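Data first, discussion second: the structure below is written as structure tokens.
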């Protein structure tokens, strides 16, 4: 009887899946370890986060508060800032070469800046909403709150292709801030405390990262997880959220 019971329990576990395991076609769910914790501006409505050449860049939202910012990682000090016009609601940012690309939410426009001076070089038309943006070294990759990711040519800023993000239950919507890490697209899901890791060819969710225990003392429903930055030189992963008091360096326990 005891052996039979163990076999039954094991069968159930394999069928429904456990964190960090595959079961019934489900993608694995990984936990995290916090490596470091850094101060973060609680007034910053974080929409995009990038770490390049030892520097931390952040794009923030809300009309009248939207900006492109350069921050000191260790202290959270604001080192450089470019404000958007009040009519724009800033969204995701990414850096490709010597240019910074920043989206806006519903204005159908994005901006291109010089990485060093933050001088605006140009603007571009963006059909639909702008949410998150990253790049794979060749194309810009943009989310719009749907289940689709669009790939844009960084010179013409026109769509080259798109993929639909799916998991075992179907289409995955509300894809927000993005980061391209080691051949995968990592994305926040709006109002969810996990990150999805997406195959850039098929759109399939390869796995999820559970961040539900990272920051729980939220007093504002808008203080959602949003912000992924990858330090490729040192293989460090940073995450934060809108209005969060901390930015975290984390390790995914695979």
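Let me know the whole percent of all Cα-Cα pairs from the stretch 96-163 that are separated by more than 13 Å.
That tail contains 62 percent of the Cα-Cα pairs.
Below 8 Å between Cα atoms, with a sequence gap of 6+, how large is the relative contact order for the chain in percent?
19
Restricting to the stretch 30-253, what percent of DSSP beta bridges are antiparallel, rounded to 5?
Of all bridge pairs located within the stretch 30-253, approximately 95 percent are antiparallel.
So, R0 is 30 Å and r is the distance between the beta-carbons of residue 221 and residue 106; what FRET efficiency does that work out to, to 0.05?
My answer for the efficiency is 0.90.
If contacts are Cα pairs under 8 angstrom and at least 6 residues apart, what is the relative contact order of the stretch 186-236 in percent?
Relative contact order of the stretch 186-236: 35 percent.
With angles folded into 0 to 90 degrees, how steeply does helix 2-16 sit against the dominant principal axis of the chain? Use alpha carbons for both and round to 10.
30
Between residue 124 and residue 55, take the C-beta separation as r, use R0 = 25 Å, and let me know the FRET efficiency to the nearest 0.05.
0.55
Report the residue, chosen from 49, 169, 73, that carries the largest GNM mean-square fluctuation when the chain is represented by alpha-carbon nodes joined by springs under 10 Å.
For the chain, modelled as a Gaussian network with Cα springs under 10 Å, the answer is 169.
Could you compute the FRET efficiency for residue 79 and residue 161, with r as their C-beta to C-beta distance and R0 at 25 Å, rounded to 0.05?
0.10
For the stretch 155-254, evaluate the Debye formula with one uniform point scatterer on each Cα (no solvent term) and list log10 I(q)/I(0) at q = 0.16, 0.22, 0.24 Å⁻¹, rounded to two decimals.
Taken in order of the listed q values, log10 I(q)/I(0) reads -0.73, -1.22, -1.35.
Whole Å is fine, so just give me how far the alpha carbon centre of the stretch 103-124 lies from that of the stretch 23-96.
Taking the Cα centre of each part, the stretch 103-124 and the stretch 23-96 sit 16 Å apart.
In whole angstrom, how long is each semi-axis of the equivalent ellipsoid of the chain, when you take the square root of 5 times every eigenvalue of its Cα gyration tensor and sort them from largest down?
They are 33, 21, 16 Å, listed from largest to smallest.
Considering only 152, 96, 79, give the residue with the highest GNM mean-square fluctuation for the chain, with springs between Cα atoms whenever their separation is below 10 Å.
Most flexible of the set in this elastic network: 79.
Per the helix-only calculation at 222 nm, which mean residue ellipticity applies to the chain, given -39500 (n - 2.57) for every DSSP H run of n ≥ 4 and division by its residues, nearest 500 deg cm²/dmol?
My calculation for the chain gives -2000 deg cm²/dmol from helical runs alone.
Could you tell me the convex hull volume per residue, in Å³, taken over the Cα atoms of the stretch 19-144?
That works out to 151 Å³ per residue.
Read-outs: derived from the displayed coordinates by stated rules, not from any lab. Note that this is a predicted model, so its numbers are computed, not measured. In this analysis, Cβ positions are derived from the backbone assuming ideal geometry, glycine residues included, and neighbour counts consider all displayed protein chains.
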